[in-house]
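Accompanying notes for the structure given below.
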Protein chains: 4
Amino acid sequence: MKLEGVFPPITTPFDDNGCIEYNHLAENIEKWNETDLSGYLVLGSNGESVFLNEDEKLKIVKTSRKSIPQSRKMLVGVGLESTKITIEFTKKVTDSGADVVVVITPHFFKNNMSHETLLKYFLMVADDSPIPVLLYNVPQFTGIDLEVKTVVALSSHENIIGVKDSSGNIEQLSDIIYLTRKENFSVLTGSGIILYPALCIGATGGIVAIACVLPERCLDILRLYKDGNHEEAKALQIRMVDPTIAVTSKYAIPGLKAAMDLFGYHGGSSRLPLLPITDAETKDIKNTFTNTGFL
Amino acid sequence: MKLEGVFPPITTPFDDNGCIEYNHLAENIEKWNETDLSGYLVLGSNGESVFLNEDEKLKIVKTSRKSIPQSRKMLVGVGLESTKITIEFTKKVTDSGADVVVVITPHFFKNNMSHETLLKYFLMVADDSPIPVLLYNVPQFTGIDLEVKTVVALSSHENIIGVKDSSGNIEQLSDIIYLTRKENFSVLTGSGIILYPALCIGATGGIVAIACVLPERCLDILRLYKDGNHEEAKALQIRMVDPTIAVTSKYAIPGLKAAMDLFGYHGGSSRLPLLPITDAETKDIKNTFTNTGFL
Amino acid sequence: MKLEGVFPPITTPFDDNGCIEYNHLAENIEKWNETDLSGYLVLGSNGESVFLNEDEKLKIVKTSRKSIPQSRKMLVGVGLESTKITIEFTKKVTDSGADVVVVITPHFFKNNMSHETLLKYFLMVADDSPIPVLLYNVPQFTGIDLEVKTVVALSSHENIIGVKDSSGNIEQLSDIIYLTRKENFSVLTGSGIILYPALCIGATGGIVAIACVLPERCLDILRLYKDGNHEEAKALQIRMVDPTIAVTSKYAIPGLKAAMDLFGYHGGSSRLPLLPITDAETKDIKNTFTNTGFL
Amino acid sequence: MKLEGVFPPITTPFDDNGCIEYNHLAENIEKWNETDLSGYLVLGSNGESVFLNEDEKLKIVKTSRKSIPQSRKMLVGVGLESTKITIEFTKKVTDSGADVVVVITPHFFKNNMSHETLLKYFLMVADDSPIPVLLYNVPQFTGIDLEVKTVVALSSHENIIGVKDSSGNIEQLSDIIYLTRKENFSVLTGSGIILYPALCIGATGGIVAIACVLPERCLDILRLYKDGNHEEAKALQIRMVDPTIAVTSKYAIPGLKAAMDLFGYHGGSSRLPLLPITDAETKDIKNTFTNTGFL
């Protein structure tokens, strides 16, 4: 299985009391379905999965699957600290309809997460997972950077189909692409700011937060790239820098949700301890999308 | 409530298949009960709590309480990423017999964990917790360092009784002690290497891994300090440096468990992805304790 | 003045006793002059400028100028910790023939290097420099990352013509390009691995170590990019990943010099404390260039 | 030679134009000479040595020596990036009257500063230095932390007499003290906040910025410690936390100089790019010393 194209890491809509609004989740997916998105990542970092209990997680997966047609991939985030629990949960999300599991590096015991430890972890998960595994590297959250040599060593496992790299480090991405070029291995960026240059260098696509807000524009970058229309791709990508920063590093998930609200999706609240964004921040987000011509 | 003295952050004994050996847990506590330890931290980092599911956690708390007399404090680690889930779990461990909850900083969304966010998080948990709260700062695992100003702001809440600081940063510890001196606030170090200097500077005690292995020696440091026998305290502390490093930064929890095995406790295995230590490493640990005269 | 194209950050050839071989320096430049390189960076990080005294530095600048025709730019690295000394040295290299000064962020007192401090520093240097200034950001050496907002604030100064960003962070590069797009501001990458994707996103060129070894291949990337031949540009860039890593992060300057030796340049020794690379490392470097078809 | 007691890392007084006021330097030393300070560190980080040229440095050393009696040690900071230049400069400061050279880790090429590289560097410097060498570890400025194993390996060289550790990491300090206990090796802390606990754990003294402002109080801590008056030592140390923070991490060298002005020393200006502190900051510094009863 090859993962290509654009996949939004979808958010979990909450009401002001922190309760999940499953109907809003479904409506968001149905609106995204009007586009050519290749699929969805459910229970990723942007899905606030660390704030959910297992029952909530599985209900979100099942609800999403109902709205996600079989023609589109449903990727589900499953990484947990323990090998055993990760495998158990992988089986549960498979039963709930997942096509691919996206497995984050365990990270609490940072100093123990050596090449050998992570290698064994991912191999055991991949051996026991009924569905394909996508590695997930996100040092800004985990505090550890999955080494290139670990990714390369794992790339030959038949049930490991690729990596989502959210480090934003295109040097590392280039290195992985070069060293896994003989494998049928998908390399996706997790950074919306580098979607176009990542494609240029050989990435197969992106799982990027901004695709929750501007799916069509992300798909435009993909199309322009494929058509060889690099000047327009560059111009669009550059124009998307500021909006992408606003919904990621600057205002994080509450900012992403505020932007979704502006574009007719159900953004809604985040769960505490994430604080709601202020009115001034919401205004700044709106200005960012207005000034760049997306709104 | 004032927390004073030495508290081991107790390990969770597993068999080779990763199953919890509750009888070993109880036997360990009974052996520790023969000493003057002030109490125990259950479900701390060393308890591998990130590898346990909720049922396991609560059974460990209940099992521990049966062996821990009311005269000794049972501290229980409860921090989770979500405010709501942390509060819910706090109530459950209270019902299972905890005396104090030890609340780690949420940390997945590192960039969002501002002073304001953490302040609100801890205040909400402290407001709703039926039992006293001990703040827990452990940057080597969480990737964030609880700021002094946040600790100081929280120190005036009547249900927040102190902080466990595992940063090993005695500058920071000194600053906290100075700025909270008017409150009835307990400052405990989480680093066994600095137990004696931390006492010198005003810490009320330690929650230190080495106390699982050498509880009497940790208590000796405390007694020597109180008796004004600083030369002997220093000599003993310095002698404990290498053994402490062996069971923490050098070999981590598998090393701690191997050392416990050497001293008649049930160390046992760790859960994957933590790899078992090798025979050579076990031998090195034994040598470390032998060469320093503890074995 | 616009800086476009490829500029090698040239090395300083030493003999085994650490003495500068000025004739080798001149011969290297003359060999590079056979290509279409836009110019040279003298006394950059790769020039081991931190190991040189002022007399040596100025003699290197003068020697280089004799071999560098006026049609090619001579960029000279001048950043020092003190504002005053930086300005004084800037005037001296101007008198010695420099066209542009490349000014690294001061960095010893890291915690003091705020936006305000760096802003004032670069403005004072730019005000007093007789020749244009290129900002130089290299966090892997300085431990500080020049903030985007500082670069943007400086971009409107008429004597500040651009930035060399060696962070390898293409997100940051994109952000700078977007925010300085109305100025006549050159953005050059300092990372050879991202030369092609940096061009895609709007960089005007690169000052990259691998250009000391493979100038023609770097120029090929530039030409292929300009011709719209993106597939070949990508393939060539990806093929250059491993050689580039070998002469930068993997084996550093001694590795770069060993590679130069392989390609008919005078690499020579580095100054201590940099240790010479071993025979096995030299062999690995040779294999890297052979396996990728460059040798 | 054993280094014991308190040594201020003395500042370099500048006028508002950045010119050195040598008479102020001499007057400061003469005022400090009224105390029992064991000696002085000239050209340390606090001496703004990175902002000085060689002529200025040597004139400062000679001026200082005139005021420093032979009964007190004159330590001089000499570390530079190149082995050769460090050795040359070491000989010059020896000729200018230095008793000990304090050698900082080279650090520009951080990734190259391996154990082997630093070992060879310090051994070569120690071999060629006419006077004893004190190792200097200051990760907050250099970005590298001298490893315990490197210090231990160097401790057996007869011309390496100790280490100044400014990391503030008392775990590391304890480890060094334990592992070098059989050598005649002086371990001095560079952090004024941990002077008392460092003594408790076996440090022989401190080279601490606050000793420029409150030399008598630092000496009080030493005396109280030696007299076994631990309660008073602790109380005094804790009281010094806030003033020490004010003149180091909070306001850096400009803050240290402002505090010196308050206590009758010639603080004066710092060189650019360090910005002058504001009136509000000066007032805050004054309040800090007043509120803690030192002023």
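Exactly one residue among C:Val241, C:Val213 is in contact (Cβ under 8 Å) with a residue 12 or more places away in the chain, open to solvent by less than 20 Å² (accessible area, probe 1.4 Å) and within 14 Å of another protein chain (Cβ to nearest Cβ), and that residue is C:Val241.
May I ask you to list the residues in the stretch C:160-183 that are of a type outside the set (D, E, K, R), over 18 Å from A:Ile176 (Cβ atoms) and not in a strand (DSSP E or B)? I'd like the intermediate steps shown before the answer.
Within the stretch C:160-183, the first condition is being of a type outside the set (D, E, K, R), and the residues that meet it are C:160-163, C:166-170, C:172-174, C:176-180.
Narrowing the set further to residues that are over 18 Å from A:Ile176 (Cβ atoms) leaves C:160-163, C:166-167, C:172-174, C:176-180.
Passing the criteria: C:Ser166, C:Ser167, C:Gln172, C:Leu173, C:Ser174, C:Ile176, C:Ile177, C:Tyr178, C:Leu179, C:Thr180.
Evaluation of A:Thr248 against the conditions (1) within 30 Å of C:Thr204 (Cα to Cα); (2) open to solvent by 60 Å² or more (accessible area, probe 1.4 Å) shows that the sole unmet condition is (2). Scanning the stretch A:170-207 for residues that are out of contact with any Asp or Glu (no Cβ under 8 Å at 6 or more places or on another chain) and polar (S, T, N, Q) turns up A:Ser174, A:Thr180, A:Asn184. Here B:Ser191 passes the criteria (1) farther than 17 Å from D:His230 by Cβ; (2) more than 16 Å from the chain's Cα centre (by Cα); (3) among the small types (Gly, Ala, Ser) except the one numbered (2). Quick check on my filter: what residues within the stretch B:167-182 are open to solvent by 10 Å² or more (accessible area, probe 1.4 Å) and more than 9 Å from chain D (Cβ to nearest Cβ)? B:Ser167, B:Lys182, listed by residue number.
Checked against (1) among the basic types (Lys, Arg); (2) in a loop (DSSP other than H, G, I, E, B); (3) more than 14 Å from chain D (Cβ to nearest Cβ), C:Arg271 passes all but condition (3). When D:Ile10, D:Ile104, D:Ile20, D:Ile68 are checked against the criterion of being touching a Cys at 6+ places or on another chain (Cβ under 8 Å) and open to solvent by less than 30 Å² (accessible area, probe 1.4 Å), a single residue qualifies: D:Ile10. State all residues of the stretch B:36-53 that are open to solvent by less than 10 Å² (accessible area, probe 1.4 Å) and more than 14 Å from every other protein chain (Cβ to nearest Cβ); if no residue qualifies, say none. Correct list: B:Leu37, B:Gly39, B:Tyr40, B:Leu41, B:Val42. Which of the residues belonging to the stretch A:137-166 are more than 23 Å from C:Ile193 (Cα to Cα), within 14 Å of chain B (Cβ to nearest Cβ) and touching a residue at least 40 places away in the same chain (Cβ under 8 Å)? Scanning the stretch A:137-166 gives a single hit, A:Phe141. Scanning the stretch C:276-295 for residues that are more than 13 Å from C:Val213 (Cβ to Cβ) and crowded, with 16+ Cβ neighbours inside 10 Å yields C:Ile277, C:Glu281, C:Thr282, C:Asp284.
Filter the stretch A:260-283 for residues that are at positive phi and out of contact with any strand residue (DSSP E or B) (no Cβ under 8 Å at 6 or more places or on another chain) and give the result. The answer is A:Gly264, and nothing else.
The residues of the stretch A:99-121 that are more than 7 Å from chain B (Cβ to nearest Cβ) and of a type outside the set (D, E, K, R), listed by number, are A:Val100, A:Val101, A:Val102, A:Val103, A:Ile104, A:Thr105, A:His107, A:Met113, A:Ser114, A:His115, A:Leu118, A:Leu119. Looking at the stretch C:218-230, can you tell me whether even one residue there is surrounded by fewer than 20 Cβ atoms within 10 Å (Cβ to Cβ), away from chain A (no Cβ under 14 Å), at negative phi and not hydrophobic (A, V, I, L, M, F, W, C)? Yes, some residue in the stretch C:218-230 is surrounded by fewer than 20 Cβ atoms within 10 Å (Cβ to Cβ), away from chain A (no Cβ under 14 Å), at negative phi and not hydrophobic (A, V, I, L, M, F, W, C). The residues of the stretch B:245-264 that are more than 9 Å from every other protein chain (Cβ to nearest Cβ), more than 20 Å from B:Lys31 (Cβ to Cβ) and in a helix (DSSP H, G or I), listed by number, are B:Ala246, B:Thr248, B:Lys250. Total residues in the stretch D:107-117 satisfying the condition of being open to solvent by less than 10 Å² (accessible area, probe 1.4 Å) and in contact with a helix residue (DSSP H, G or I) (Cβ under 7 Å, 6 or more places away or on another chain): the figure is 1.
The criterion of being modelled with pLDDT under 95 and under 30 Å from A:Glu81 (Cα atoms) holds for B:Ser249. With the structure loaded, tell me whether D:Leu134 is under 18 Å from the mean Cα position of the chain (by Cα), more than 9 Å from every other protein chain (Cβ to nearest Cβ) and open to solvent by less than 10 Å² (accessible area, probe 1.4 Å) or whether it fails that test. Yes, satisfied. For the stretch C:274-295, a residue qualifies if it is in contact (Cβ under 8 Å) with a residue 40 or more places away in the chain and assigned to a helix (DSSP H, G or I), and the qualifying residues are C:Thr288, C:Phe289, C:Asn291.
Residues in the stretch D:184-210 that are farther than 22 Å from B:Ile177 by Cβ, more than 12 Å from chain B (Cβ to nearest Cβ) and not in a loop (DSSP other than H, G, I, E, B): D:Ser186, D:Leu188, D:Gly205, D:Ile207.
The values are calculated or read from the model by the stated rules, or taken from the named source; none is laboratory data. Not measured: the values here are computed from a predicted model. FYI the Cβ positions are ideal-geometry reconstructions off the backbone, even for glycines, and counts take in every protein chain you see. We work out accessible area using only protein heavy atoms, side chains counted, and drop any ligands, DNA or RNA first. Shrake-Rupley method; radii C 1.70, N 1.55, O 1.52, S 1.80 Å.
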